[in-house]
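Asks: Here's a structure for you.
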């Protein structure tokens with residue numbers, strides 16, 4: 001088989017959006033818990049892989065590169081195992097544009113999955129910090145975990161939005177290409193490179209931050225100035241989520257929908273020539 005054309009990928013993405021709205025609350029919540037846990041586990045692993053290099057400004061680029069290599073496993077697990085992830089579900093906007101679902105259908109999915117991702121991610125953050133593993137490297141892993149959390153919680157609102165846009169632009173491109181791929185290996189490669197790129201670049205992913213910042217809060221036992229649940233939600237999670245919605249829905253979903261419609265392809269259920 002050949003990989004799907006852009007028009008066929010849009011059709012598949014739109015069908016997937018319809019299926020996602022048909023899930024019960026329990027189904028979406030459980031799959032959302034798993035999705036959040038997968039991303040959190042990948043985030044924890046990325047910190048372990050890179051903490052030595054992230055400690056020095058001279059090697060921070062290498063550290064982020066290593067983080068990206070490991071973190072990509074998170075979205076691979078979500079896509080291949082079948083978890084629900086808020087950031088990838090930004091592509092459901094194509095189903096709305098094609099009038100297969102309405103806005104309330106999409107928003108219901110987003111809210112349930114987002115909350116479930118949050119619960120799953122924070123639970124993994126608690127498990128990781130409770131395990132004692134942050135003592136690795138003579139406590140350097142814990143130090144880096146707190147440092148990463150503090151830097152994310154200290155972003156200005158505007159910068160956090162922009163970094164969120166850039167991140168989910170790449171995440172949804174990864175999901176888009178994985179949808180087009182016709183093999184498991186192809187899907188893995190389609191996911192791997194854009195995710196590696198976003199982590200290496202230092203962009204902001206709302207669901208990943210549901211691990212990174214709570215892990216830092218737990219590790220610091222609430223003693224680090226500027227690192228609180230309030231700064232987590234207000235300084236990072238809110239603006240990054242807004243940016244993720246824009247980056248995924250508008251920059252990818254709406255852009256491809258508009259481009260394919262502009263080609264005169266008619267309804268997206270038609271095969272590309």
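Asks: Search region 7-24 for residues being out of contact with any helix residue (DSSP H, G or I) (no Cβ under 6 Å at 6 or more places or on another chain) and at pLDDT 95 or above, and hand back the single one that is surrounded by the most Cβ atoms within 10 Å (Cβ to Cβ). Before you say what the answer is, go through the steps one by one.
Replies: Residues of region 7-24 that are out of contact with any helix residue (DSSP H, G or I) (no Cβ under 6 Å at 6 or more places or on another chain), as a first pass: 8, 11, 15-16, 19, 22-24.
Next, from what is left, pick out any that are at pLDDT 95 or above: 8, 11, 15-16, 19, 24.
On the way: 8: 19, 11: 23, 15: 17, 16: 17, 19: 10, 24: 9.
My answer is 11.
Asks: Kindly evaluate residue 239 against the criterion of being under 25 Å from residue 66 (Cβ atoms), touching a residue at least 24 places away in the same chain (Cβ under 8 Å) and either touching a helix residue (DSSP H, G or I) at 6+ places or on another chain (Cβ under 8 Å) or surrounded by fewer than 22 Cβ atoms within 10 Å (Cβ to Cβ) (or both). Full working, then the answer.
Replies: Numbers: under 25 Å from residue 66 (Cβ atoms): no; touching a residue at least 24 places away in the same chain (Cβ under 8 Å): yes; either touching a helix residue (DSSP H, G or I) at 6+ places or on another chain (Cβ under 8 Å) or surrounded by fewer than 22 Cβ atoms within 10 Å (Cβ to Cβ) (or both): yes.
It is false that residue 239 is under 25 Å from residue 66 (Cβ atoms), touching a residue at least 24 places away in the same chain (Cβ under 8 Å) and either touching a helix residue (DSSP H, G or I) at 6+ places or on another chain (Cβ under 8 Å) or surrounded by fewer than 22 Cβ atoms within 10 Å (Cβ to Cβ) (or both).
Asks: Checking the structure you have, find out if any residue of region 32-54 is out of contact with any strand residue (DSSP E or B) (no Cβ under 9 Å at 6 or more places or on another chain), over 21 Å from residue 176 (Cα atoms), touching a residue at least 60 places away in the same chain (Cβ under 8 Å) and outside any helix (DSSP H, G or I).
Replies: No.
Asks: Just to be sure I understand the filter: pairs with C-beta atoms under 6 Å, separated by 6 or more residues or on different chains, first member in region 96-108 and within 16 Å of residue 16 (Cβ to Cβ), second member assigned to a loop (DSSP other than H, G, I, E, B). Which pairs pass?
Replies: 98/268
Asks: Examine region 170-183 for a residue that is within 30 Å of residue 130 (Cβ to Cβ) and modelled with pLDDT of 95 or more, and state whether such a residue exists. Full working, then the answer.
Replies: Step one: list which residues in region 170-183 are within 30 Å of residue 130 (Cβ to Cβ), which gives 171.
Of the ones still in play, those that are also modelled with pLDDT of 95 or more are 171.
Yes; the residues of region 170-183 include at least one that is within 30 Å of residue 130 (Cβ to Cβ) and modelled with pLDDT of 95 or more.
Asks: Whether any residue in region 124-140 is more than 20 Å from the chain's Cα centre (by Cα) and within 24 Å of residue 171 (Cα to Cα) is what I want to check. Full working, then the answer.
Replies: The first filter runs over region 124-140 and keeps only residues more than 20 Å from the chain's Cα centre (by Cα), leaving 127, 129-140.
With the extra rule that they be within 24 Å of residue 171 (Cα to Cα), the set shrinks to none.
Scanning region 124-140 turns up no residue that is more than 20 Å from the chain's Cα centre (by Cα) and within 24 Å of residue 171 (Cα to Cα).
The values are calculated or read from the model by the stated rules, or taken from the named source; none is laboratory data. This structure is a prediction, so every number in the text was calculated from the model and none was measured. Reconstructed Cβ throughout: ideal geometry from the backbone, glycine too, with neighbour counts over all protein chains shown.
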